[in-house]
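K.L.:
I'd like to ask some things about the structure below.
Derivation of every value follows stated rules applied to the coordinates shown; laboratory data play no part. Because the structure is a prediction, the values reported are computed rather than measured. Because the Cβ atoms are built from the backbone with ideal geometry, glycine has one as well, and the counts that use them run over all protein chains shown.
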Amino acid sequence: AQSVAQPEDQVNVAEGNPLTVKCTYSVSGNPYLFWYVQYPNRGLQFLLKYITGDNLVKGSYGFEAEFNKSQTSFHLKKPSALVSDSALYFCAVRDVGNTPLVFGKGTRLSVIA
Amino acid sequence: GAVVSQHPSWVICKSGTSVKIECRSLDFQATTMFWYRQFPKQSLMLMATSNEGSKATYEQGVEKDKFLINHASLTLSTLTVTSAHPEDSSFYICSARDPRRGNEQFFGPGTRLTVL
């Protein structure tokens, strides 16, 4: 069975500083990995995904994530955080079959001015 | 492209009534749709997988007689919460799989259900 772990409930960072939101995964085969962002009372917005190819994936709003197979990680990063990045971030995984996405518990990012 | 809509965006109902939530894929045909439930400050929990023209597959612990799912067409799936109770209050999010885009899942904006 596939699973996702987001070890941090909350990440606080000062505006302009780099941010990292951690994610590790477990799947039986090759993973499809995703990051989504959710603002209050809103649905999910897609940020980026890794299917195959380069381990460093660039996505929306200046976010990027690095796939690390040996560490089974897919941490989300941004070089310079904005206050508007404050939201709930979800990492998700599925395997190469047609299984549904499985989500981590989410990490609340707070960017302080 | 790959837009998924949900209706209503929010609903308040009395305990004991039934509520229907619609999920539509607006610009693609989705043979498979998913229903998730999100409690406050928690993650999305998969409730069921909805396949067009067949019965939904429910996750363990989800009551199929309480959460009725119908996927009558390739662009519409409905979730009916029957005899709703306050503990059913939650944020319900649907997702549709787009076969044109490697079966990637696209998400609706969610429906906030409050049962009084």
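K.L.:
Cysteines without a disulfide-compatible partner in chain B, using Cβ under 4.7 Å as the rule?
P.N.:
B:CYS13
K.L.:
Right, another one. Within the set of other residues whose C-beta is less than 14 Å from the C-beta of B:GLU52, count the net charge using Lys and Arg as +1 and Asp and Glu as -1.
P.N.:
Around B:GLU52, the surrounding residues sum to +2.
K.L.:
List the trypsin sites (Lys or Arg not before Pro) within the range A:38-76 that fall in a DSSP loop (any state other than H, G, I, E or B) and whose Cβ has at most 11 other Cβ atoms within 10 Å.
P.N.:
In loop regions of the range A:38-76 (DSSP not H, G, I, E or B), the sparsely surrounded trypsin sites (Lys or Arg not before Pro) are A:LYS69.
K.L.:
Which lysines have a Cα lying under 21 Å from the Cα of B:LYS41, excluding residues fewer than 8 positions away in the same chain?
P.N.:
Once the sequence-local lysines are set aside, what remains near B:LYS41 is A:LYS22, A:LYS105.
K.L.:
Could you check which residue among B:GLU22, B:GLU52, B:GLU104 shows the biggest mean-square fluctuation in a GNM of chain B with a 10 Å Cα cutoff?
P.N.:
B:GLU104
K.L.:
Okay, moving on. Taking DSSP loops as anything outside H, G, I, E and B, show the longest stretch in chain B free of trypsin sites (Lys or Arg not before Pro) there with at most 12 other beta carbons within 10 Å.
P.N.:
Longest run free of exposed loop sites: B:56-116.
K.L.:
Can you give the FRET efficiency to the nearest 0.05 for B:VAL3 and A:LYS69, using r as the Cβ-Cβ distance and R₀ = 41 Å?
P.N.:
0.80
K.L.:
Same structure, new question: Would you kindly work out the equivalent ellipsoid of the protein assembly as shown from its C-alpha gyration tensor and give its semi-axes, the square roots of five times the eigenvalues, largest first in whole Å?
P.N.:
Sorted largest first and rounded, they come to 30, 21, 15 Å.
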